[in-house]
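J.: This is the structure I have questions about; it appears just below.
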Amino acid sequence: MGEINRRIFEKRTLSYLGDHKMEGALVLSDQIVSCLKELEQEAKFLACYEKYALSWDSSIDLGSSGETSSSGGTFPSDEVCSGAVRIEELDLTLPSADLQAILAGCTQICVIASTLGVAYERYAKRVMSMDMSHGVVLDAAASAYLECLTDDFTEELGLGPHTFRYAPGYGDLDVTYNVPLMQAIRADKRIGITHTGGGLFLPQKSMLGLVGFAPAAASGAGDAFPVDRCEHCIKRESCEFRAAGTRCFART
């Protein structure tokens, strides 16, 4: 895996700090570079993945009473899901109209997990205890660093045209679905990620994403699936980043 795009890394770090207009780019530039050096020395990026065939279930209709998921979580009682994504190999149904729309046209799904490791988490805690202001910037930089490296890892999988990563806990797919997906790809054994009962990750600088693709589409002309994270984002109408004239992610 090559070096990350430093321009994208800096923009994402500033976004994680809440500086959506990049007003602190000049002031924080040296500190962000310093954080990158720390991350390159202290963090150990690890990632794993598995690919599965997709099927669809349009019969699921969750009403206002809410239902209990197959993973033990409860779907939000004030939302209605009129469709679901099904991974037969895992006997797992993901009730999400958002995910079903994103994966339209896909025949397979790739479940990707990544982390910066336990050693970095211990280092970050020491930094925060000694210099909180630097620790805050380092925390934002670590999130950006993990995003950038996971993007690169995803591209290196050679999936061909594919969707952007979609994570449980975003939109209408409950965060508790992290649990069965992590268990399915054995993220604990392979890269050391564990989770709380509520689906949060340990180490904290870890993530899981779902990427849809169709191998047969790779030989066609152009991209088969949308990759513009703003145009196809489920929060595009209420996004504070777009309101500020910027993005939470940058592709180029």
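Values quoted throughout were computed directly from the atomic coordinates according to the rules given, and no laboratory measurement underlies them. A quick note: this is a predicted structure, and the numbers were derived from the prediction, not measured. Cβ atoms come from the backbone with ideal geometry, glycine included; neighbour counts cover every protein chain shown.
J.: What list do you get for Thr13, Thr163, Thr150 if you sort them by fewest beta carbons within 10 Å?
T.: Working: Thr13 28, Thr163 25, Thr150 20.
Sorted ascending by nearby Cβ count, the order is Thr150, Thr163, Thr13.
J.: Name the residues whose placed amide hydrogens come within less than 5 Å of the amide hydrogen of Thr194, ignoring near sequence neighbours (fewer than 5 apart) on the same chain.
T.: Leu202
J.: Which of His162, His134 has the fewest other C-beta atoms within 10 Å, and how do the rest follow up to the most?
T.: Working: His162 25, His134 15.
Going from least to most buried by this count: His134, His162.
J.: Quick one: Debye curve from the alpha-carbon atoms of the range 81-140 only, equal weights, vacuum; give me log10 I(q)/I(0) at q = 0.13, 0.27, 0.29 Å⁻¹ to two decimals.
T.: -0.61, -1.15, -1.24
J.: While we're here: Could you tell me which of the pairs Lys44/Lys125; Lys51/Lys125; Lys11/Lys205 are separated by over 23 angstrom between their Cα atoms in the structure shown?
T.: Lys51/Lys125
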